[in-house]
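Comments concern the structure below.
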Amino acid sequence: MEYQKILTSIQNEISSIDNTGKVASYIPELAKVDAAKLGMHLHCINSGHYHFGDNTEKFSIQSISKVFALTKAMLLLGDDLFERVDVEPSGDPFNSLVQLEYENGIPRNPFINAGALVVCDILVSKLENPKNDLLDFIHKLVNSKNIGINRNVFESEKKHSHRNMSLLNLMKAFGNIKNNIEIVLDLYIHLCSIEMSCEELSKAFMIYANGGKLLYNQEQIVPSRKVKRINAIMQTCGFYDEAGEFSFRVGLPGKSGVGGGIVAVHPGQYAVTVWSPPLNPKGNSELGMYSLEQLTTLTGLSIF
Ligand code: DON
């Protein structure tokens, strides 16, 4: 497959598109990002790397970190995890409170904020130093220690966490948060503040393209049946109330973040990341979605 040729044609096409998206501003520090940034990096299981633009520049991965947190929690807890968080698409915005009240504090899935907060609560219960352990886990996936958090984004989000605090309080009232809510929120915001480039995210997500084995040494670090489930949750819940649309247009499991990044996985083939900060009204990168739609259209390959 001529991936580089296809990526270059996507770059040429999207450079001239009128981007109607808006950079996230509800976390003031995120609003400072240059809206014109654009990068794409595809890491292929058999044949190396293909990329364009700002593919090596680090950005705020935001909700993409929810996939790493879920993976770590699934390694620690097994199926009991799914008694505290479900695996159904929510059809609601990522930070919505409405379903939680009538579903007794059990979040619909681990990729909406409520579900990720339950996952963080589990990590706080199970790990002595969850922040370091999660970063170490990512370092292992990427085979590099050069990944950390952006302190300004962390502080900025901390000051604007009223909805996440509300979600935590409501779930605490239902008994589905076991630890101090400030500690759980602190871990959640820490994970959202991690910075990675398209290249680093694609390398990290190779674990989901390669059946749970690290590509660089073939060590099995996540059992393949867990990878199957994580990919299934990305497919059905990775884009909040636009999960159906992403599936329809792109046809790959994936996960977005309000920093403008999207990672998608073609199991057995590749992991690909796109970064373009302006978001569509559902909070997903406008050009990111279009680029991935073009990728699966031009290659003629998706999981469907
Ligand atoms: O909870 C928040 O508001 C963010 N830090 C994470 C949001 C996010 O990336 C959701 N979306 N795609």
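Just the protein heavy atoms count here, and of the accessible area of segment 3-299 at 1.4 Å, carbon and sulfur take up 49 percent. Relative to one another, the C-alpha centroids of segment 109-146 and segment 189-214 are positioned 12 Å apart.
Multiplying the residue separation of Q218 and Y26 by 0.36 nm and removing their Cα-Cα distance gives an extension gain of 65.0 nm. Between L301 and L127, full extension at 0.36 nm per residue minus the direct alpha carbon distance yields a gain of 58.7 nm. Taking G288, G238, G211 in turn, the Gaussian network model of the chain (Cα-Cα springs below 10 Å) assigns the largest fluctuation to G211. Legend: residue pairs K158/K255; K158/K228; K37/K66; K159/K282; K126/K228, Cα-Cα distance threshold 25 Å; pairs beyond threshold, K158/K228. Residues considered: F246, F174, F52. Largest GNM mean-square fluctuation over the chain, using C-alpha springs under 10 Å, is found at F174.
Accessible surface computed residue by residue for the chain, with neighbouring protein chains in place and a 1.4 Å probe, gives 39 Å² per residue. Phi angles across segment 62-75 convert, under the Karplus curve 6.51 cos²θ - 1.76 cosθ + 1.60 with θ = phi - 60°, into 3J(HN,Hα) values of 6, 5, 4, 5, 4, 6, 5, 5, 4, 4, 4, 5, 5, 6 Hz, Gly and Pro given as x. Size descriptors for the chain: radius of gyration and Dmax over Cα atoms are 17.8, 54 Å. Note on K203: aspartates and glutamates with a C-alpha under 17 Å away, same-chain residues under 8 apart excluded, are D54, E57, D136, E195, E219. Hey, for a label at K226 modelled as a point 7 Å past Cα toward Cβ, could you say which residues of segment 141-166 have their backbone N under 19 Å away? Within reach of a label on K226: 141-143.
The values are calculated or read from the model by the stated rules, or taken from the named source; none is laboratory data. The shown structure was predicted, so the numbers you read here are calculated from the model rather than taken from an experiment. A quick note on method: Cβ atoms are made from the backbone with ideal geometry, for glycine too, and the neighbour counts reach across all protein chains shown. The area values use the complete protein model at the heavy-atom level, side chains included, leaving out ligands, DNA and RNA. Shrake-Rupley method; radii C 1.70, N 1.55, O 1.52, S 1.80 Å.
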